[in-house]
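Asks: Attaching a single structure in structure tokens format; questions to follow.
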Amino acid sequence: MSGVRKKINHLAVFKQRTKNDDNAELSKSVIISARKSGKLNLSSRGLSTVPDRIWSINELTKEELHDLHFELDYEHKEERWWEQEPLKVLDLSSNNLTAISDKVQFLTELSTLDLHNNLLEELPSEIGSLNKLRILNLSDNKLKSLTLQLYMLEELGELHLKNNDLSILEPEIGNLIMLIHMDLSYNNLSELPIGIGYLVRLVTLDLSHNMIKELPPDMTSMRSLKTLDVSFNQLEILPPFGELRKIEKIMLQSNNLKNFPDVSGCSALRVLHLDNNNILEIEPECLEGATLLKKLTLAYNKIEMIPEEIMKLINLEVFDLSHNNISLIPFCIGILPNLKQFVIKGNNIKNVRGDIIRCGTPRILTHIRQITDSTNVNTRELLQSSASISTYPDKYMMKSTKLLSLAGQNLLELPDEVLENAVEASVETIDLSRNKLSELPEKMSAIVTVTDVKLISNHLTLLPEWIGEKYKHLQALDISKNYLQSLPSSISCLQYLRYIDLSFNRFVELPEAIYNVVSLESLIANDNLIEKIDVSSLEKLRKLAILDLTNNNIAHVPPELGNLKNLRNLSLLGNCFKYPRQAILMKDTEEVLSYLRNLIPR
């Protein structure tokens, strides 16, 4: 037996992948499927090279022409080889590709190219020939630089470069003027080029986990930006963000910031993360106008005091000041009507016992609201029912905060003295939400300095005519969750009104006065009884960017709605029309508008 050679099973030994193996992944059935759909998915196939046939996938060989002709004649007569789709979507993600051939230039109809999670170190310059490319995903590769030709892709809407080795961006990136989403997170960038400010259509920008020390001032030209993430960098200097009027979310945590960022004027801002910095104080003037802010996190900084002006943030729901140098919780924290989470652990608080702080937000707020701090503000506690205590703000508090808040007090009418004090204090924000008001008193009309009014969840059936005549500086009006069927004609006098919320009322049509408010940017009218869309009237609102008509009784969507090209967010779901179908409505607003425009008779 010792002289018999043992048979070796070669298949049990690892066999290196060959070019033929890669080419074999593009089987006949895969090719036919790609030609029918215009989409080819070769993700997670273990490819080390791109199959050669991809670059000419729509070109039929002589053998294929013969076979296909035979098959079509006898088996699939409803199909025609000349009706095949050009390749538009190519997914080569999660393979072991180290290079992309210059033949990529032959895929001239390509709109989506997914190469994420490979081993690419560079791109061919010919990628710049793909002038119909809209989505390019290069995340999770080993790219150290980008070919300059990539910046010629002027139709590119999404560029994903997460988790590469990029250390520099060329100023030519500003040529990608159609970009809407860009992800440059987890790279080695230490600075940004000045040209980045030309990306004026950008909606989301992720620069997290780099080594950036300063943001260029021209970033404030990105007027469409809604989400900016520059967390986990080395930021020391920031430009004022006030020009970013549509910004909703700013993430600046884990940097080297010493000063509170200037977000004054960011009227759409809802989330601001500033944890793990070296910020010394909350500067109220830097938050001026950011009244929609719901979440503000400042954990692990060096803040010593909470300013009373924080009361202006009447929509604040989450306020995290844990692990700072704060010693006193001011009374103003108890005034914030929507605060749900107030985190103050890790400070040396002296005016509230530790056991109360450990019990969490409800216990802290209850305690704060029950005490009167005579060194800060004077308050009056009035019994409104046997179970609850309501606090009316005095004129000194209103003068310092420019805020009149009586939210959530179940009021049937407003105290005259409070309104008189509000006039004297020149308040700019009025919040009467979650009460039982059936009308607004005449004395309110004297508060002519107001710019923001919230009347959410009341019993209003009419608004007074004076609201448009007296509130000349009004910029935001929220009258949602009432019983309104109409608006006074004087609404058309509000030349500075940018935001109005009519949702959850009883409107059967959009009030005519609305169409004359030419400054309007956001019109929220969901959950009403609206039956039609008056496009000719909406065309007057040239600045309108947000239109929400979800959950109404709209039976027909006029194709002419697609001509409102300034719309950035159109919501129509939950209505009774048959077309466009839900699959269309789930797409981006730009695609929905384009679909509607294509329906217009030529």
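The values are calculated or read from the model by the stated rules, or taken from the named source; none is laboratory data. Nothing here was measured: the structure is a model prediction, and the numbers come from that model. Cβ coordinates were reconstructed from backbone atoms using ideal geometry, including for glycine residues, and neighbour counts include every protein chain displayed.
Asks: Any residue in the range 253-278 that is touching a residue at least 60 places away in the same chain (Cβ under 8 Å) and surrounded by fewer than 17 Cβ atoms within 10 Å (Cβ to Cβ) sitting within a Cβ distance under 8 Å of a residue that is among the basic types (Lys, Arg) and in a loop (DSSP other than H, G, I, E, B)? List the pairs, counting only those 6 or more apart or interchain.
Replies: Pairs that qualify, where the first residue is touching a residue at least 60 places away in the same chain (Cβ under 8 Å) and surrounded by fewer than 17 Cβ atoms within 10 Å (Cβ to Cβ) and the partner is among the basic types (Lys, Arg) and in a loop (DSSP other than H, G, I, E, B): there are none.
Asks: Would you call residue 407 among the aliphatic types (A, V, I, L, M), modelled with pLDDT under 85, in contact with a strand residue (DSSP E or B) (Cβ under 6 Å, 6 or more places away or on another chain) and assigned to a loop (DSSP other than H, G, I, E, B)?
Replies: yes
Asks: Something else: Being in contact with a Pro (Cβ under 7 Å, 6 or more places away or on another chain) and either surrounded by fewer than 19 Cβ atoms within 10 Å (Cβ to Cβ) or among the charged types (D, E, K, R) (or both) narrows it down to one residue among 91, 102, 114; which is it?
Replies: Numbers: 91 fails: in contact with a Pro (Cβ under 7 Å, 6 or more places away or on another chain); 114 fails: in contact with a Pro (Cβ under 7 Å, 6 or more places away or on another chain).
Selected residue: 102, the only one of 91, 102, 114 that is in contact with a Pro (Cβ under 7 Å, 6 or more places away or on another chain) and either surrounded by fewer than 19 Cβ atoms within 10 Å (Cβ to Cβ) or among the charged types (D, E, K, R) (or both).
Asks: Return a yes/no flag: does the range 146-157 have any residue that is within 20 Å of residue 244 (Cα to Cα), touching a residue at least 24 places away in the same chain (Cβ under 8 Å) and of a type in the set (A, V, I, L, M).
Replies: No.
Asks: Output the residue which, of all residues in the range 428-452 that are part of a loop (DSSP other than H, G, I, E, B) and of a type in the set (Ser, Thr, Tyr), is surrounded by the fewest Cβ atoms within 10 Å (Cβ to Cβ).
Replies: Of the residues in the range 428-452, the ones part of a loop (DSSP other than H, G, I, E, B) are 428, 432-441, 447-451.
Within this subset, residues satisfying the condition of being of a type in the set (Ser, Thr, Tyr) are 433, 438, 449, 451.
Working: 433: 23, 438: 14, 449: 16, 451: 20.
Only one residue tops the list, namely 438.
Asks: Residue under question is residue 456, and the condition is that it be at pLDDT 90 or above and not in a loop (DSSP other than H, G, I, E, B); does it hold?
Replies: Details: at pLDDT 90 or above: yes; not in a loop (DSSP other than H, G, I, E, B): no.
No: the conditions fail for residue 456.
For every residue, the table says whether it meets (1) touching a strand residue (DSSP E or B) at 6+ places or on another chain (Cβ under 6 Å); (2) hydrophobic (A, V, I, L, M, F, W, C); (3) part of a helix (DSSP H, G or I).
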{"position": "527", "(1), (2), (3)": "no, no, no"}
{"position": "550", "(1), (2), (3)": "yes, no, no"}
{"position": "553", "(1), (2), (3)": "no, no, no"}
{"position": "556", "(1), (2), (3)": "no, no, no"}
{"position": "560", "(1), (2), (3)": "no, no, yes"}
{"position": "573", "(1), (2), (3)": "no, yes, no"}
{"position": "577", "(1), (2), (3)": "no, yes, no"}
{"position": "580", "(1), (2), (3)": "no, no, no"}
{"position": "600", "(1), (2), (3)": "no, yes, no"}
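Asks: Moving to a separate point now. For the structure I just gave you, tell me whether residue 472 is basic (Lys, Arg) and closer than 27 Å to residue 510 by Cβ.
Replies: Working: basic (Lys, Arg): yes; closer than 27 Å to residue 510 by Cβ: yes.
So residue 472 fits the description; yes.
Asks: Within the group 323, 367, which residue is within 23 Å of residue 274 (Cβ to Cβ) and either surrounded by fewer than 20 Cβ atoms within 10 Å (Cβ to Cβ) or at pLDDT 85 or above (or both)?
Replies: Numbers: 367 fails: within 23 Å of residue 274 (Cβ to Cβ).
When all the criteria are applied, what remains is 323.
Asks: Search the range 219-230 for residues being in a loop (DSSP other than H, G, I, E, B) and out of contact with any Ser or Thr (no Cβ under 8 Å at 6 or more places or on another chain), and hand back the single one that is surrounded by the fewest Cβ atoms within 10 Å (Cβ to Cβ).
Replies: Quick first cut of the range 219-230, residues in a loop (DSSP other than H, G, I, E, B) only: 222-226, 230.
Going one step further and asking which of them are out of contact with any Ser or Thr (no Cβ under 8 Å at 6 or more places or on another chain), we end up with 222-224.
Values: 222: 23, 223: 13, 224: 17.
By that ranking, first place goes to 223.
Asks: I'm trying to understand the selection: among the residues of the range 105-126, which are in contact with a helix residue (DSSP H, G or I) (Cβ under 6 Å, 6 or more places away or on another chain) and among the hydrophobic types (A, V, I, L, M, F, W, C)? Spell out the reasoning first.
Replies: Of the residues in the range 105-126, the ones in contact with a helix residue (DSSP H, G or I) (Cβ under 6 Å, 6 or more places away or on another chain) are 105-106, 124-126.
Hit for the range 105-126 is 106, nothing else.
Asks: Specify which of the listed residues (303, 247) is assigned to a loop (DSSP other than H, G, I, E, B), at pLDDT 90 or above and under 19 Å from residue 202 (Cβ atoms). Steps first, please.
Replies: Details: 303 fails: under 19 Å from residue 202 (Cβ atoms).
Unique residue meeting the criteria: 247.
Asks: Given the residues 492, 486, which is the only one that is assigned to a loop (DSSP other than H, G, I, E, B), in contact (Cβ under 8 Å) with a residue 12 or more places away in the chain, among the hydroxyl-bearing types (Ser, Thr, Tyr) and farther than 23 Å from residue 394 by Cα? Even if it seems obvious, please write down each step before you answer.
Replies: Working: 492 fails: assigned to a loop (DSSP other than H, G, I, E, B).
Just one listed residue meets the conditions, 486.
Asks: Right, something else. What single numbered condition from (1) surrounded by 15 or more Cβ atoms within 10 Å (Cβ to Cβ); (2) in a loop (DSSP other than H, G, I, E, B) fails to hold for residue 543?
Replies: (1)
Asks: Checking residue 351 against (1) of a type in the set (S, T, N, Q); (2) surrounded by 14 or more Cβ atoms within 10 Å (Cβ to Cβ); (3) more than 33 Å from the chain's Cα centre (by Cα), which test does it fail?
Replies: The failed condition is (2).
Asks: When the range 242-285 is examined, which residues are found to be among the hydrophobic types (A, V, I, L, M, F, W, C) and in contact with a Pro (Cβ under 6 Å, 6 or more places away or on another chain)? Steps first, answer last, please.
Replies: Going residue by residue through the range 242-285, those that are among the hydrophobic types (A, V, I, L, M, F, W, C) are 244, 247, 250-252, 257, 260, 263, 266, 268-269, 271-272, 274, 279-280, 282.
Correct list: 282 only.
Asks: Sticking with this structure for a sec: Which condition does residue 521 not pass, out of (1) touching a Lys or Arg at 6+ places or on another chain (Cβ under 6 Å); (2) at pLDDT below 90, if it passes all the others?
Replies: The number of the failed condition is (2).
Asks: Residues in the range 161-218 that are farther than 17 Å from residue 134 by Cβ and either of a type in the set (D, E, K, R) or part of a loop (DSSP other than H, G, I, E, B) (or both): how many? Steps first, please.
Replies: So in the range 161-218, the residues farther than 17 Å from residue 134 by Cβ come out as 162-172, 174, 184-198, 200, 205-218.
Still in the running and either of a type in the set (D, E, K, R) or part of a loop (DSSP other than H, G, I, E, B) (or both): 162-170, 172, 184-193, 200, 206-216, 218.
Selection size over the range 161-218: 33.
Asks: Moving on. Under the condition of being within 17 Å of residue 240 (Cα to Cα) and among the charged types (D, E, K, R), which residue from the range 282-313 is surrounded by the fewest Cβ atoms within 10 Å (Cβ to Cβ)?
Replies: 285
Asks: Checking residue 342 against (1) over 27 Å from residue 498 (Cα atoms); (2) in contact with a Leu (Cβ under 8 Å, 6 or more places away or on another chain); (3) in a loop (DSSP other than H, G, I, E, B); (4) not aliphatic (A, V, I, L, M), which single condition isn't satisfied?
Replies: Among (1) over 27 Å from residue 498 (Cα atoms); (2) in contact with a Leu (Cβ under 8 Å, 6 or more places away or on another chain); (3) in a loop (DSSP other than H, G, I, E, B); (4) not aliphatic (A, V, I, L, M), residue 342 violates only (3).
Asks: From the set of residues in the range 429-454 that are within 17 Å of residue 395 (Cα to Cα) and polar (S, T, N, Q), which is nearest to the chain's Cα centre (by Cα)? Working first, answer last.
Replies: Initial filter on the range 429-454 (within 17 Å of residue 395 (Cα to Cα)): 429-432, 443-444, 446-450.
With the extra rule that they be polar (S, T, N, Q), the set shrinks to 429, 449.
Working: 429: 25, 449: 31 Å.
Among residues in the range 429-454 that are within 17 Å of residue 395 (Cα to Cα) and polar (S, T, N, Q), the one nearest to the chain's Cα centre (by Cα) is 429.
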